[in-house]
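The values are calculated or read from the model by the stated rules, or taken from the named source; none is laboratory data. If you're wondering where the values come from, they're calculated on a predicted model, not measured in any experiment. Ideal geometry is used to build each Cβ from the backbone, glycine not excepted, and the neighbour counts take in all protein chains shown.
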Amino acid sequence: MTLPQLSESTEMYLKAMAELGGGEAVAIGRLAERLSVTAVSANEMVRRLTSQDLVKHTPYKGVTLTKKGTAAANNVVRRQRLWECFLYEHLKIEWARLYELACSLEHTTAPEVAEALSVFLGEPKLCPHGNPIPAAGGSIPQLDGIPLSEVQLGVTARILAVRATATNVLRHLYERDILPGREVIVVEAAPMEGPLMLRVNGREAVLGLLLAELVIVKII
């Protein structure tokens, strides 16, 4: 599929929808919150994206990416995650800042530069946060895992990926050793949707349920 040249704001909306929705509808209010814009601005952009056949808006349900929109969003995600690999492996940038810094590079990266970068990096399949890197054609494999928030007490799991994007949240997880490849056990779950007490590689850590939803794990 030949993708059109898109503005930076359009790419940001499409990428945010891909990250928030996972194939499901995303409420416009949630999209506005993610992008730090007003609901009026988000509604106006959604109308534009709908007219370009990039998204489909269903009243009272939310917005979903079309096939064309999904390919465009995955193209942005591919550039983002390739830059994360480069920054982490070759420039030794702090793990928690990778998403933030790669965001400033993804929109100015020409297709030929992205593919040269992929070759230079050895065609990586995962970014440093453990998330799959979309193929050049726009397809993206799905992780075979579940959110940490769904793991039963006493069960051992291996962390596959972290889907947080905010630098302060990523740093919070890093400081607690909640990283791809680590083994984790849910030791205790506080009532009333309270935090989880975890054991990560022999260390204890406490994590709220909202954050635990952003950590994808595979039961061992």
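Residues in the range 51-78 that are in a loop (DSSP other than H, G, I, E, B) and in contact (Cβ under 8 Å) with a residue 60 or more places away in the chain: there are none. Restricting to the range 147-178, count the residues that are of a type in the set (V, I, T), in contact (Cβ under 8 Å) with a residue 60 or more places away in the chain and over 17 Å from L126 (Cα atoms). Adding up the residues that qualify gives 4. Checked against (1) part of a helix (DSSP H, G or I); (2) charged (D, E, K, R); (3) in the same structural domain as A16 (by TED's automatic domain parsing), E123 meets all criteria but (1). When you look at R48, is it in a helix (DSSP H, G or I), of a type in the set (K, R) and within 19 Å of the chain's Cα centre (by Cα), yes or no? No: the conditions fail for R48.
Looking only at the range 139-180, how many residues end up being in a loop (DSSP other than H, G, I, E, B) and of a type in the set (A, V, I, L, M)? The total comes to 9.
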